[in-house]
Amino acid sequence: MIAQSQSQDELRDLYRELILDHARSPRHFGKLDGATHSAEGINPLCGDKLKIYFSIDADGRISDAKFEGSGCAISVASASLLTDTIIGLKTEAALNFFSAVISRLSGRSEDGEQPFSKVDLGKLIALEGVKEFPSRVKCATLAWHALNSAIRNESDTVSTE
Ligand code: ZN
């Protein structure tokens, strides 16, 4: 039992390092020229304000993604991990990641009938650490709500409030 808790602590440290690394050196940061889809996410509680851009080709594949704006370490790291993860995916696959991330972070039990329950979150699992800090869950999910809104062309701006 002791060994198990130690390895969980180590895993948590690794995840924390991954989040800090993406917060300090965000991947795909900046404006995307020629973007076909974009949405802005605002989290007034924390002051996070991020805009995400996507280039989606005629086959529905996300050929590129970038984000800009400012926010706390968790919101920036989450947006960085998001862009890293979804570039090259079809939009349906990206939306499955959205559903899987929201489901994991909101603590809702996964429904085995849903396609997203089979999604391998990979390094996105690092985001799950914020569940210990409920007020930060909105920081971690902000970029994902913007992704969902941009792909579905619902609205230019999503707000957590
Ligand atoms: Zn935040």
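Can you name the number of the only condition in (1) assigned to a strand (DSSP E or B); (2) away from the ligand (no atom under 16 Å from the Cβ) that ASP84 fails?
(1)
Considering region 87-100 alone, what residues qualify as being in contact (Cβ under 8 Å) with a residue 12 or more places away in the chain, part of a helix (DSSP H, G or I) and out of contact with any Gly (no Cβ under 9 Å at 6 or more places or on another chain)?
ALA94, LEU95, ASN96, PHE97, PHE98, SER99, ALA100
Out of ALA65, ALA23, ALA94, ALA79, which single residue is open to solvent by less than 30 Å² (accessible area, probe 1.4 Å), among the hydrophobic types (A, V, I, L, M, F, W, C) and in contact with a His (Cβ under 8 Å, 6 or more places away or on another chain)?
Exactly one of ALA65, ALA23, ALA94, ALA79 is open to solvent by less than 30 Å² (accessible area, probe 1.4 Å), among the hydrophobic types (A, V, I, L, M, F, W, C) and in contact with a His (Cβ under 8 Å, 6 or more places away or on another chain), namely ALA65.
In contact (Cβ under 8 Å) with a residue 12 or more places away in the chain and within 16 Å of the ligand (Cβ to nearest atom) - does that describe any residue in region 103-117?
yes
Is it fair to say LEU82 is within 15 Å of ALA23 (Cα to Cα) and touching an Asp or Glu at 6+ places or on another chain (Cβ under 6 Å)?
no
Given the criterion closer than 17 Å to LEU18 by Cα and at pLDDT below 90, identify the matching residue among GLY129, GLY107, GLY112. Step through it out loud before you land on a result.
Working: GLY107 fails: closer than 17 Å to LEU18 by Cα; GLY112 fails: closer than 17 Å to LEU18 by Cα.
The unique qualifying residue is GLY129.
Please enumerate the residues belonging to region 17-55 that are within 16 Å of the ligand (Cβ to nearest atom) and part of a helix (DSSP H, G or I).
Within region 17-55, ILE19, LEU20, HIS22, ALA23, ARG24 meet the criteria.
Restricting the search to region 127-158, which residues are within 21 Å of PHE29 (Cα to Cα) and within 16 Å of the ligand (Cβ to nearest atom)? Outline the logic, then answer.
First, pick out the residues of region 127-158 that are within 21 Å of PHE29 (Cα to Cα): 127, 138-151, 156-158.
LEU127, LYS138, CYS139, ALA140, THR141, LEU142, ALA143, TRP144, HIS145, ALA146, VAL158, listed by residue number.
Could you give every pair whose Cβ atoms fall below 6 Å, whose first residue belongs to region 122-137 and is part of a helix (DSSP H, G or I), and whose second residue is open to solvent by 30 Å² or more (accessible area, probe 1.4 Å) and more than 13 Å from the ligand (Cβ to nearest atom), counting only separations of at least 6 or pairs across chains?
Close Cβ pairs satisfying both conditions: ALA126/TYR15; ALA126/LEU18; GLU128/ARG104; GLY129/TYR15.
Can you pull out every residue in region 125-141 that is over 12 Å from the mean Cα position of the chain (by Cα) and open to solvent by 30 Å² or more (accessible area, probe 1.4 Å)?
GLY129, LYS131, GLU132, PHE133, PRO134, SER135, ARG136
The values are calculated or read from the model by the stated rules, or taken from the named source; none is laboratory data. Everything numeric here is computed off the predicted structure, so don't read it as measured data. Heads up, the Cβs are rebuilt from the backbone with ideal geometry, glycines too, and the neighbour counts pull from every protein chain shown. Side chains included, ligands, DNA and RNA excluded: accessible areas come from the protein's heavy atoms. Shrake-Rupley method; radii C 1.70, N 1.55, O 1.52, S 1.80 Å.
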